[in-house]
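Engineer: Okay, here's the structure, questions in a sec.
The values are calculated or read from the model by the stated rules, or taken from the named source; none is laboratory data. Bear in mind the structure is a predicted one, so any value in this text is a computation, not a measurement. Note: ideal-geometry Cβ built from the backbone for every residue, glycine included; neighbour counts use all protein chains shown. With ligands, DNA and RNA removed, areas are computed over all heavy atoms of the protein, side chains included. Shrake-Rupley method; radii C 1.70, N 1.55, O 1.52, S 1.80 Å.
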Amino acid sequence: MKTSIATVSIAGNLGEKLAAISAAGFDGLEIFEQDFLQDAASPRELGQMIRDHGLEVMLFQPFRDFEGLPEPLRARAFDRARHKFDLMAELGAELMLICSSVHPQAMGGIDRAADDLAELAGIAAERGLRLGYEALAWGRHVNDHRDAWEIVRRADHPALGLILDSFHSLGRRIDPDTIRRIPGDRIFFVQLADAPQIEMDLLYWSRHFRNMPGEGDLPVVDFMRAVAATGYAGPLSLEIFNDQFRGGSPEGIARDGHRSLIWLMDQVHRAEPALAGGAPVLPPNIRALGVEFIEFASDAVEAPALEQALARMGFHREGVHRNKSVTVWRQGDIRIVLNTEGTGFAHSFFLNHGTGVCDLGLRVEDAQATVTRAAALDARLFHQPLGPGEMDIPAIRGVGGSILHFIDAKSGLDDVWQVEFTPTGEAAPDFGLTRVDHVAETMDYDEMLSWSLFYSSIFDMQRRPMLDVIDPDGLVRSQAIAAPDGGTRITLNGAQSHRTLAGGFLADSMGSAVQHIALASHDIFASAEAMAGAGFQPLEITENYYADLQARYGLDDGMIARLRRWNILYEQDDSGGEFLQFYGRPLAGGLFFEIVERRGGYDGYGALNAPFRIAALKRLMRGKAIPRA
Ligand SMILES: O=C(O)c1ccc(O)c(O)c1
Ligand SMILES: [Mg+2]
């Protein structure tokens, strides 16, 4: 399978686009005519530049409004095409995309279109060129790949084939299985794009909101399964019109695109094992079995505040690293590692970001398989020189330059706590906290698609619908990604304005980072009481909130009083599941802890409560405590 991407998909000038496309590992590209017209290079120079980057021109596009025109427009359209053929020869492009006409004077009729295209294919063939016909979802007469195929079939010219574009087919909800009837060798090119499911005009949706396969809501895997079933063996090419991507980093967008194609083909091979050459080459999506540890980078000056916060939540120092300035704090299945080394990765992370989460350890069944899959999906592997007696634990780069380590029992990596740490023997209180419920990573809104693709392509984790969280000073978008059993949950919070709490955190922590950590309690009231006894100060919630809560859910007075007493926020889902949560006050730098209890299969994150939490945090930061009777 050759991979390709349309130049429109990426930001920058043509030189920047080519460098990014080549660096990401694509085999070739589609030249979008507009990109070429805006560039100063001659077509010959441009063709050479492309080849110098090790890339192939897979397609020249688009040629518009060709078929079905009355004379003299028809003759002029043929002249236009001849001019483009000259250009393609100079560029070294062999295949041209013709998209279905939107011309107001274009006449319908399958045979008329077939005749026009067959005649043009004859001219193209004389020059050694080929044509592909694509149905635009908003084409005037042809807007369905089935009609485009019928036209190509009737034209019956070897230099004319069909071009499929997942957006045009899936955006109009055309059953992708209709593609299975088309002979694979009559499909000349396949363009891929996903998109979020939003109701809007097709053309506007297509030109502004497309995204990479796996980043949206369209059944792109089903589309690609059907394409693969035809025997199509040509390039897979991304054609992504997206306003965010146009302003993004060329390298980052190109890397995400490459990752999305590898992910897509992996999903297709798993779903269609009978296909020739279809054996999966990657380990399957990795089951994340839970968070094994959360590591903070800090130093001797800042660490005591974090240690105090941990102690007030009922953690104790369980072990001290045998030869590093690293301790592990423990409660239930939760391990918080505190790294105050003066050299190495954690230290450089601390110098860049201040005290914060530099490393997440995930429990998996097979750590080696995890990095193998991650590497095949273009993740960056992480290595650091090992000290004496240290275990070599596989790791990759994650959000904001942090690290993800993978711990398994299979290769004994879960022995690391015994191997590398000396037990302190300190008393182990139990405040009822059992495990990490979720980790919330805050990032720029423009990074959200990228990181959600990162997690969902490597792991067996699914995206939940994106939610809008209303901060009094702007919108924050929240995207949860969770393993099917809910045992590993990550939420991505995307800030659009620096005035929001998330945006302020982003600026203060010098980049994307974990902003809060939610810990599960098996009895949130008992945990709240034990923590209060140890000096934990919760984030204070207003009287107005509790009055409204009573009205909303009809909770009894006793329950409301207990929630209020411990500043616990409450939410119910439609099937009676309940979510109880309270927050600690932020540490210097803005990171905070949350304690949650899920009851009755509740599967969300308390989205209704988020604005109250944000308002309370902002009140606290402005130094306004709530007077309480
Ligand atoms: O939006 C367009 O006009 C357009 C042009 C060419 C394509 O291949 C396409 O999918 C859309
Ligand atoms: Mg297209």
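Engineer: Structure shown: which of Lys324/Lys618; Lys2/Lys84; Lys2/Lys410 lie over 31 Å apart, alpha-carbon to alpha-carbon?
Structural biologist: Pairs exceeding 31 Å: Lys324/Lys618; Lys2/Lys410.
Engineer: Starting from the 7 Å offset along Cα-to-Cβ, what nm value, one decimal, do you get for the label separation of Asp177 and Ala561?
Structural biologist: About 6.1 nm separates the two model spin labels.
Engineer: Kindly provide log₁₀ I(q)/I(0) values, in the same order as q = 0.09, 0.11, 0.12 Å⁻¹, from the Debye equation applied to equal alpha-carbon scatterers of the chain.
Structural biologist: The computed values of log10 I(q)/I(0) come out as -0.80, -1.05, -1.17.
Engineer: In the chain, if the dipole is taken from +1 on Lys/Arg beta carbons and -1 on Asp/Glu beta carbons about the Cα centre, which of Ala561, Ile240, Ala24 is farthest to the positive end?
Structural biologist: Of the listed residues, the answer is Ala561.
Engineer: Now a separate question. I need the calculated FRET efficiency for the pair His316 and Ala551, taking r as the beta carbon distance and R₀ as 51 Å, to the nearest 0.05.
Structural biologist: 0.75
Engineer: Give the carbon-plus-sulfur fraction of the accessible surface of the range 1-111 in %, rounded to a whole number; probe 1.4 Å, heavy atoms of protein chains only.
Structural biologist: The computed percentage sits at 51.
Engineer: Now, a different point. Would the range 131-290 count as rounded, prolate or oblate if I go by the C-alpha gyration tensor, calling it rounded below 1.5 in a/c and otherwise prolate when a/b exceeds b/c, oblate otherwise?
Structural biologist: Verdict is oblate for the range 131-290.
Engineer: Would the range 1-131 count as rounded, prolate or oblate if I go by the C-alpha gyration tensor, calling it rounded below 1.5 in a/c and otherwise prolate when a/b exceeds b/c, oblate otherwise?
Structural biologist: Note, shape of the range 1-131 comes out prolate.
Engineer: Here is a further query. Compute, for the range 21-106, the length of the dipole vector about the Cα centre, with Cβ point charges of +1 (Lys, Arg) and -1 (Asp, Glu) only. Units Debye, rounded to 20.
Structural biologist: 300
Engineer: Something else now. What is the distance in Å between the Cα centroid of the range 153-217 and that of the range 27-93?
Structural biologist: Cα centres, the range 153-217 to the range 27-93: 21 Å.
Engineer: Could you size up the charge dipole of the range 433-621 around its Cα centre, putting +1 on the beta carbon of Lys and Arg and -1 on that of Asp and Glu, and report it in debye to the nearest 20?
Structural biologist: Here the range 433-621 has a charge dipole of around 280 debye.
Engineer: Turning to a different aspect of this structure: How far apart, in nm, are two points set 7 Å out from the Cα along the Cα-to-Cβ line at Ala607 and at Gln384?
Structural biologist: Going by the 7 Å Cα→Cβ label model, 3.6 nm.
Engineer: Oh, and also: Using the Cβ atoms and a cut-off under 12 Å, what net charge is assigned to the surroundings of Tyr232, where Lys and Arg are +1 and Asp and Glu are -1?
Structural biologist: Combined, the nearby Lys, Arg, Asp and Glu give +3.
Engineer: Something else now. Find, among the chymotrypsin sites (Phe, Trp or Tyr not before Pro) in the range 594-626, those assigned to loop by DSSP (not H, G, I, E, B) with at most 16 other beta-carbon atoms within 10 angstrom.
Structural biologist: Taking the range 594-626 and a limit of 16 other Cβ atoms within 10 Å, no loop chymotrypsin sites (Phe, Trp or Tyr not before Pro) are found.
Engineer: Determine the gain in length on full extension of the stretch Gln38-Ala534; use 0.36 nm per residue of separation and subtract their C-alpha separation, reporting nm with one decimal.
Structural biologist: Length gained, Gln38 through Ala534: 172.0 nm.
Engineer: Under a crude label model (7 Å from the Cα following the beta-carbon direction), how far is Glu16 from Arg153 in nanometres?
Structural biologist: Going by the 7 Å Cα→Cβ label model, 4.6 nm.
Engineer: Compute, for the range 3-276, the length of the dipole vector about the Cα centre, with Cβ point charges of +1 (Lys, Arg) and -1 (Asp, Glu) only. Units Debye, rounded to 20.
Structural biologist: That gives a dipole near 220 debye.
Engineer: Next question, about the same structure. Got the relative contact order for the chain handy, in percent, Cα pairs under 8 Å and 6 or more residues apart?
Structural biologist: Rounded, it is 9 percent for the chain.
Engineer: Let me ask another. Send over a whole-number figure in Å² for the accessible area per residue of the range 3-276, probe 1.4 Å.
Structural biologist: Each residue of the range 3-276 exposes 37 Å² on average to a 1.4 Å probe.
Engineer: Report Rg/Rh for the range 433-621, rounded to two decimals, where Rg is the Cα radius of gyration and Rh the Kirkwood radius.
Structural biologist: Rounded to two decimals, Rg/Rh equals 0.95.
Engineer: May I ask you to derive the relative contact order of the range 159-229, considering only C-alpha pairs under 8 Å and at least 6 residues apart, and to give it as an integer percent?
Structural biologist: 39
Engineer: Test of the criteria: in the range 368-442, which trypsin sites (Lys or Arg not before Pro) are in a DSSP loop and have at most 16 other Cβ atoms within 10 angstrom of their Cβ?
Structural biologist: Of the trypsin sites (Lys or Arg not before Pro), the ones in loops of the range 368-442 whose Cβ has at most 16 other Cβ atoms within 10 Å are Arg380, Lys410.
Engineer: What ³J(HN,Hα) values, in whole Hz, does the Karplus curve 6.51 cos²θ - 1.76 cosθ + 1.60 give for the range 587-593 when θ = phi - 60°, with x put for Gly and Pro?
Structural biologist: For the range 587-593, the Karplus curve yields 7, 3, x, x, 6, 9, 9 Hz.
Engineer: Shifting gears a bit: If each residue of separation counts as 0.36 nm, what is the full-extension length gain between Arg622 and Gln197 once their alpha-carbon separation is subtracted?
Structural biologist: 149.1 nm
Engineer: Could I ask something else about it? Tell me the mean residue ellipticity at 222 nm calculated for the chain from its helices only (DSSP H runs of n ≥ 4, each -39500 (n - 2.57), averaged over every residue, nearest 500).
Structural biologist: -10500 deg cm²/dmol
Engineer: I'd like the Karplus ³J(HN,Hα) series for the range 36-49: coefficients 6.51, -1.76, 1.60, θ = phi - 60°, whole numbers in Hz, and an x wherever there's a Gly or Pro.
Structural biologist: 5, 4, 7, 8, 7, 5, 6, x, 5, 4, 5, x, 5, 4
Engineer: In nm, what is the difference between 0.36 nm times the number of residues separating Ala409 and Thr372 and their Cα-Cα distance?
Structural biologist: Taking 0.36 nm per residue and subtracting the Cα distance, the gain is 11.6 nm.
Engineer: Go through Gly139, Leu46, Gly216 and say which Cα lies farthest out towards the positive end of the charge dipole of the range 3-276; charges sit on Cβ, +1 for Lys and Arg, -1 for Asp and Glu.
Structural biologist: Towards the positive end, the residue furthest out is Gly139.
Engineer: Using Cα pairs closer than 8 Å and at least 6 residues apart in sequence, work out the relative contact order for the range 410-534, in percent.
Structural biologist: RCO, the range 410-534: 33 percent.
Engineer: Identify, among Ala502, Thr434, Leu377, the residue whose Cα sits farthest towards the positive end of the charge dipole of the chain, taking +1 on the Cβ of Lys and Arg and -1 on the Cβ of Asp and Glu, with the dipole about the Cα centre.
Structural biologist: Ala502
Engineer: Ok, one more. Taking all protein chains in place and a 1.4 Å probe, what share, in percent, of the accessible surface of the range 288-423 do carbon and sulfur account for?
Structural biologist: Carbon plus sulfur share of accessible area: 52 percent.
Engineer: Continuing with this model, one more query. Could you derive backbone 3J(HN,Hα) for the range 235-240 from the dihedral phi with the Karplus parameters 6.51, -1.76 and 1.60 (θ = phi - 60°), listing whole Hz in sequence and x where the residue is Gly or Pro?
Structural biologist: Per residue, the Karplus-derived 3J(HN,Hα) values read x, 10, 10, 8, 10, 10 Hz.
Engineer: Also, I was wondering about something else. If you project the alpha carbons of the range 3-276 onto their three principal axes, what span does each projection cover, largest first, in Å?
Structural biologist: 47, 43, 38 Å, listed from the longest principal axis down.
Engineer: Compute the Cα gyration tensor for the range 247-306, then decide on rounded, prolate or oblate, letting a ≥ b ≥ c be the square roots of its eigenvalues: rounded whenever a/c is under 1.5, prolate when a/b is larger than b/c in the other cases, and oblate in all that remain.
Structural biologist: Oblate is the answer for the range 247-306, as a/c is 1.5 or above yet b/c matches or exceeds a/b.
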